[in-house]
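K.L.:
Can you read through this structure? Questions will come right after.
The values are calculated or read from the model by the stated rules, or taken from the named source; none is laboratory data. Remember, it's a predicted structure, so these values are computed and weren't measured experimentally. Note: ideal-geometry Cβ built from the backbone for every residue, glycine included; neighbour counts use all protein chains shown. What goes into the accessible areas is simple: the full protein's heavy atoms, side chains included, and nothing from ligands, DNA or RNA. Shrake-Rupley method; radii C 1.70, N 1.55, O 1.52, S 1.80 Å.
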Amino acid sequence: MKVSNSYVGRPMERVEDLRMVRGRGTYVADVNRPDQLYAVILRSSVAHGTIRSIDFTRALELPGVRHVLTAGGLGDFVPRIPVRLQSLPELEPFHQPVLADRKVRYVGEPVAVVIADTAAIAEDALEHIVLDIETLPAVAGREQAETEPSLLFEGHGSNTAITWRACLGDADAAFKSADYVRRERFKVQRHTAMFMEPRGFVAEWNAVAGEMTVWGTAKTAFYNRRVLAAALGLDEHAVKLVEVDVGGGFGSRGEFYPEDYLIPAAAMIARRPVKWTEDRREHMMSANHSRDIECDVEIAVSRDGRFLGLRGQIWADIGAYLRTNGSVGPRNVAQCMSGPYCFESVDLRSSMLVTNKTPTGSYRGPGRFEADFARERLIDIVARDLEMDRLELRRRNLVADSQMPYPLPTVTPFESTNELDSGDYHAVFDRCLAEFKWEDRSKLRGRLIDGYYHGLGIGSFIEGGAAGPKEDARLVLETDGSLSVYLGSSAIGQGLETIMSQIAADAMEVPFERITINHGSTDHVKDGYGSYHSRSTVMGGSSILLAAEKLKELIRETAAKRFNCSPADVSIDGEKVSHAGNHLTFSNLSDIPLEVEASFFNSKHTWAYGTQAAYVAVDPGTGHVKVIDYLSVEDVGRMINPLTLHGQAIGSIVQGLGGTFLEHLVYDSEGQLLTGSFADYLLPTASDFPNIRSITLELKRCPNNPLGAKGAGEGGIIPVAGVIGNAVADALFHLNVQPNELPLSPPRLWQLIEEARQ
Amino acid sequence: MKPPSFAYASPSTLAEAVNLLASGNGNAKVISGGQSLMPMLAFRLAAPDLLVDLKHLKDLGTITIGDDGVRLGAKVRWCDIENDRRLVRSHPLLAEAIKHVAHYQVRNRGTIGGSLAHADPSAEMPGVALTCDGEMTIVGSGGTRVEKASSFFTGPLQTSLEPDEIVTELHLPAWPATRRWAFREFARRKGDFAMAGVLLFYDLDHRNCAVDAHIGAIGIADCPIRLSAAEAALNGNAVTEDCIAAVAAAAKESIDPPSDIHAPGAYRRALLGTLLARGLQHSIS
Ligand SMILES: Cc1cc2nc3c(=O)[nH]c(=O)nc-3n(C[C@H](O)[C@H](O)[C@H](O)COP(=O)(O)OP(=O)(O)OC[C@H]3O[C@@H](n4cnc5c(N)ncnc54)[C@H](O)[C@@H]3O)c2cc1C
């Protein structure tokens, strides 16, 4: 690669920003089709019950109401939404029907769709639908799920859908011989992604051509197209999903939800375009919830502080149905609880419980945020018990560079093995301590200054990325010499266009401005997988590298014909193509566009890793925690764009702090969701956590992809709760306060302090 | 989440506004800044047939400061109070309390009349009105009346206002320059409604003892309340560490805060004690 052309690694400003800040983005609510109708969804207000009848005659009488869709109107069989990841036949009973089918199982479950001339008319019509539901006892949490005779799925016989198991070595033997064991319970509350604008769709059915077009897809367009086509009984190629601008996804946006089917189905029935825009209250009860994990885990440690074993039981409250990626968090929490440390043995079971709540799915760092909270808190508790320095205890157990690749526990069923790919965990750990001035600040630990107790916390983490199996790229050298890149990856606000342009410009050795990135929509490439599991940069970027090699080959062949020589004798220098003193440029090389397509296959995950530290002050009178300094140091192998990556890290940490202190989807014992707006669901605002720093390193490249990059979109969030929990415990060391349940709200912390004082 | 349909009027005189309200048979509502009413409409928690907008009414937007105290027109917004530098001297407790109301956007629209009429148990303005012996001027079909804050707030989001009545002004009595005072509240995030808040002032007599103690609290009952037991514990005493502890204890003893998803009652009780003690501490420093 030429020195003059190294965009990769440079802090390039986002090419997306000018469009966005000038209000020229097109979000799904901006999409309008001629003659469109509006859909509004009637959602269950009962958590658990049997539908006796739905009477919508009066709704239909309202002027402007066109159709009302219910499960009964969908024919003999109500489509069920298949699971995208880790799909198993025994989990099929838990798949969600697109409309409540005989039973309702959570508040917010779609029961009917009203299609009307305006959204306002449709909303008015909701009040005229008479829904008769025979209420059943609600299963509103783990205890009820395990003990109540009430079952969500009578045929299954229990509210436990499945139990995953993560194993490594012989845990029972380890615990028998251990010098020291400690068992603790941890709880991570239900909370989830709140992206800038809620979801929405515009669907248009062309009855003559038999074609369905849907705007508003995100994340996994190709998979969703397959599901939608099958459910509508259409050929895959008769369905086109169009990605528009989105303000964040965080794992939740873009999965296949009931509305992904209902709005296109409504357009087919109405034979007119139909638009649906979710509102925030709806979002809070219908889009995937996340976390909601409880665990009872035990650690075995040798006298000299080596981690011998980790075992226990995890319960994941997955809500009423298994959603497309609903198993990811519950599996990850078991597989990633040992994290970046060498545990000689692991035996963790993770049970997925169905309850009468909104179904769950992935949210940034799924399972890892929860696992890291438990592990890092546990390590500090061990250090306290053994009177060991908690830094030393961690150093003694971090996986060493020489041990790479290092195996993670194997999860069954749907067996998956995994290994840490590369890294110098100790170097990053020490760098974090140095940058944080841990030594100096240690003097403040436990001290009461101006009414606040001061404390430090630390935690290390691993971040999985780059899920396979593949990603596709199509490169087109246009006749004017510009380069169009078509990708299966999708943009979810992460700066995809900028990053892919950098990679493509370097690969083709052309100026950045010559590149156009086209992504997400199903007609750009034959197949695609999308944006999840921090995979777009690595997977999409690597496929661009492969396609670029192919394109250069095609350029040589094309030029060779013109030069009358062999392709091997053609040289490419930037946009210039030469042979024996004759020159062509990309813009006069060919009368037709030159086009290639390539796929990058990958079966191994990338593992970025890092250490974070926090300095907090705790007000014992109010339970308030001030975050005075927060630092993240992460090695991502190779940075494509330090600027966008920095944004990812900071944003991710803020989300982590939100999950640690503020965000909570609260249900009552009847399964009613009590947090239906941003007045009650507390998101961090711009002024809440101003003191966050992030340092990104490039110590160890990933050996498994040509970029050498590791997925790095989630990392920041993963250890936050553990790090903060440890800092709070450190500040209150004299009281032996152990914050093992989230959120660390002022009332909860105050309560812990009160209890410790008694 | 759109409001059900309603009729809308924006009269230019107070008399017209009152007539419109009266014609609504209890189904007409005033809209001022809309910062509390609009969310209620959007959630369909309120469904009036008619909204009477105060925006074209003149003279309700002024802040008058005189020998008899401060007069705030009903359409005075939070940002107007914030930007009026005179108030820092003329009524420091008001100026301080209002700093804690909501966020920038809301502060540019929300009005004191709306806040008083809405009567949120955690809202600052009702707390100020009650603690400072405020009086509301109210205009309705029956004419003009003046009501003390102490009888105006009757329950959660409830006041003595009749459906055809409009608050036009709040009067706060004059504030002596030597007065001791404090405002303390604690919210989950800056700008959120407080989980508990305390407003207090007292004067010092020739022996340096507190007299005329006024202690109000927000967020701990179904409307703002005066903590008379705490006031009694403060009156006639020098404000020492012991006195402060006794006042806080008396306050905690006298209240029974409700629990909700943000905080259990026991926390609110303890929090109020902490805030009161800290407020008193600050008032002597
Ligand atoms: C995000 C957010 C955060 C907030 N945080 C706080 C906070 O921390 N503290 C706080 O105190 N408030 C807070 N508020 C509420 C805000 O201060 C409102 O502006 C205020 O409570 C109502 O004033 P308004 O002019 O907007 O009234 P509107 O919303 O227009 O009206 C509210 C009610 O008062 C009635 N009304 C209005 N004016 C009159 C009048 N002159 N006479 C009789 N009835 C009248 C209306 O009919 C309605 O019932 C918050 C609001 C939001 C949206």
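K.L.:
Would it be correct to say that A:Glu663 is open to solvent by less than 40 Å² (accessible area, probe 1.4 Å) and over 29 Å from A:Val104 (Cβ atoms)?
P.N.:
Against the criterion (open to solvent by less than 40 Å² (accessible area, probe 1.4 Å) and over 29 Å from A:Val104 (Cβ atoms)), A:Glu663 does not qualify.
K.L.:
Filter region A:404-422 down to the residues that are of a type in the set (Val, Ile, Thr) and more than 21 Å from the chain's Cα centre (by Cα) and list them by number.
P.N.:
A:Thr410, A:Thr412
K.L.:
Continuing with the same structure: Residues that are aliphatic (A, V, I, L, M), within 16 Å of the ligand (Cβ to nearest atom), within 14 Å of another protein chain (Cβ to nearest Cβ) and under 30 Å from A:Val107 (Cβ atoms): does region A:682-689 have at least one?
P.N.:
Yes - at least one qualifying residue is present in region A:682-689.
K.L.:
Also, I was wondering about something else. So A:Leu657 passes all but one of these: (1) part of a helix (DSSP H, G or I); (2) surrounded by fewer than 21 Cβ atoms within 10 Å (Cβ to Cβ); (3) within 14 Å of chain B (Cβ to nearest Cβ). Which condition number does it fail?
P.N.:
(2)
K.L.:
Oh, and also: Among the numbered conditions (1) within 14 Å of chain A (Cβ to nearest Cβ); (2) open to solvent by 20 Å² or more (accessible area, probe 1.4 Å); (3) touching a Gly at 6+ places or on another chain (Cβ under 7 Å); (4) assigned to a loop (DSSP other than H, G, I, E, B), tell me where B:Ala194 comes up short.
P.N.:
Failed condition: (2).
K.L.:
Now for a separate question. Could you check B:Thr64 against (1) touching a strand residue (DSSP E or B) at 6+ places or on another chain (Cβ under 6 Å); (2) open to solvent by less than 40 Å² (accessible area, probe 1.4 Å); (3) more than 11 Å from the ligand (Cβ to nearest atom) and say which number it fails?
P.N.:
So B:Thr64 meets the others, but not (2).
K.L.:
Let me ask something else. Step by step: first the residues of region B:75-86, then only those that are within 14 Å of the ligand (Cβ to nearest atom) and buried (at least 16 other Cβ atoms within 10 Å of the Cβ), then the one that is farthest from B:His103 (Cα to Cα). Which residue is that?
P.N.:
B:Lys75
K.L.:
For residues that are assigned to a loop (DSSP other than H, G, I, E, B) and in contact with a helix residue (DSSP H, G or I) (Cβ under 6 Å, 6 or more places away or on another chain), scanning just region A:136-171, find the one that is nearest to A:Ala316 (Cα to Cα).
P.N.:
In this case the residue turns out to be A:Asn159.
K.L.:
Further question on the same structure: In region A:602-619, which residues are in contact with a Ser or Thr (Cβ under 9 Å, 6 or more places away or on another chain) and open to solvent by 10 Å² or more (accessible area, probe 1.4 Å)?
P.N.:
Matches in region A:602-619: A:Asn602 only.
K.L.:
In region B:117-175, how many residues are in contact with a Pro (Cβ under 7 Å, 6 or more places away or on another chain) and within 14 Å of the ligand (Cβ to nearest atom)?
P.N.:
Within region B:117-175, residues that are in contact with a Pro (Cβ under 7 Å, 6 or more places away or on another chain) and within 14 Å of the ligand (Cβ to nearest atom) number 7.
K.L.:
Looking at region A:741-758, I want the residues that are at the interface with chain B (Cβ under 8 Å from one of its Cβ atoms) and have a partner that is surrounded by fewer than 21 Cβ atoms within 10 Å (Cβ to Cβ) and in a strand (DSSP E or B) with Cβ atoms under 6 Å, at least 6 apart or on another chain. Which pairs are those?
P.N.:
A:Pro746/A:His624
K.L.:
So which of B:Leu72, B:Leu54 is farther than 22 Å from B:Phe193 by Cβ, within 14 Å of the ligand (Cβ to nearest atom) and away from every other protein chain (no Cβ under 14 Å)?
P.N.:
It is B:Leu54.
K.L.:
Just checking: which of the strands (runs of 3 or more DSSP E) contained wholly in region B:128-182 hold 3 or more residues that are surrounded by 19 or more Cβ atoms within 10 Å (Cβ to Cβ)?
P.N.:
B:135-140, B:166-172
K.L.:
With respect to the numbered conditions (1) within 25 Å of A:Val68 (Cβ to Cβ); (2) surrounded by fewer than 16 Cβ atoms within 10 Å (Cβ to Cβ); (3) not hydrophobic (A, V, I, L, M, F, W, C), which one is the sole condition not fulfilled by A:His128?
P.N.:
Checking A:His128 against (1) within 25 Å of A:Val68 (Cβ to Cβ); (2) surrounded by fewer than 16 Cβ atoms within 10 Å (Cβ to Cβ); (3) not hydrophobic (A, V, I, L, M, F, W, C), the one that fails is (2).
K.L.:
What's the number of the condition A:Pro93 fails, among (1) in contact (Cβ under 8 Å) with a residue 60 or more places away in the chain; (2) more than 23 Å from A:Asn356 (Cα to Cα); (3) open to solvent by 40 Å² or more (accessible area, probe 1.4 Å)?
P.N.:
Here A:Pro93 clears every test but (2).
K.L.:
Only residues in region B:179-195 that are farther than 12 Å from B:Ala263 by Cβ count as the first member; pair them with residues that are more than 7 Å from the ligand (Cβ to nearest atom) and among the hydroxyl-bearing types (Ser, Thr, Tyr), Cβ under 7 angstrom, at least 6 apart or cross-chain, and list the lot.
P.N.:
B:Arg180/B:Tyr202; B:Arg180/B:Ser283; B:Trp181/B:Ser283; B:Ala182/B:Ser283; B:Arg189/A:Thr685; B:Lys190/A:Ser687
K.L.:
In region B:210-285, which helices (runs of 4 or more DSSP H) lie fully inside it and hold 2 or more residues that are within 14 Å of chain A (Cβ to nearest Cβ) and touching a Ser or Thr at 6+ places or on another chain (Cβ under 8 Å)?
P.N.:
Hits in region B:210-285: B:265-284.
K.L.:
Of all residues in region A:239-248, count the ones that are modelled with pLDDT of 95 or more and open to solvent by less than 20 Å² (accessible area, probe 1.4 Å).
P.N.:
2
K.L.:
Another question, if that's okay. Name, by its number, the condition in (1) out of contact with any Phe, Trp or Tyr (no Cβ under 8 Å at 6 or more places or on another chain); (2) assigned to a loop (DSSP other than H, G, I, E, B); (3) open to solvent by less than 10 Å² (accessible area, probe 1.4 Å) that does not hold for A:Ile753.
P.N.:
The number of the failed condition is (2).
K.L.:
Right, here's the next one. Cβ contacts < 6 Å: first residue within 8 Å of the ligand (Cβ to nearest atom), restricted to region B:91-114; second residue assigned to a helix (DSSP H, G or I) and open to solvent by less than 20 Å² (accessible area, probe 1.4 Å), any location; separation 6+ or different chain. Result?
P.N.:
Note: pairs meeting the criteria are B:His100/B:Glu124; B:Val101/B:Trp78; B:Val101/B:Glu124; B:Arg107/B:Trp78; B:Arg107/B:Cys79; B:Gly110/B:Trp78; B:Ile112/B:Met125.
Residue-wise test of (1) surrounded by fewer than 23 Cβ atoms within 10 Å (Cβ to Cβ); (2) in contact (Cβ under 8 Å) with a residue 40 or more places away in the chain; (3) within 14 Å of another protein chain (Cβ to nearest Cβ).
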site	(1), (2), (3)
A:Ser578	yes, no, no
A:Gly581	yes, no, no
A:Leu584	yes, no, no
A:Ile592	yes, yes, no
A:Thr622	yes, yes, yes
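K.L.:
Name the residues in region B:24-43 that are open to solvent by 50 Å² or more (accessible area, probe 1.4 Å), within 16 Å of A:Ala679 (Cα to Cα) and more than 7 Å from the ligand (Cβ to nearest atom), would you?
P.N.:
B:Met40, B:Phe43
K.L.:
Run A:Thr537 past the list (1) touching an Asp or Glu at 6+ places or on another chain (Cβ under 6 Å); (2) open to solvent by 10 Å² or more (accessible area, probe 1.4 Å); (3) closer than 24 Å to A:Lys604 by Cα and report the number of the one that doesn't hold.
P.N.:
All conditions are met except number (1).
K.L.:
Now for a separate question. Within region A:730-749, work out how many residues are open to solvent by less than 50 Å² (accessible area, probe 1.4 Å) and part of a helix (DSSP H, G or I).
P.N.:
6
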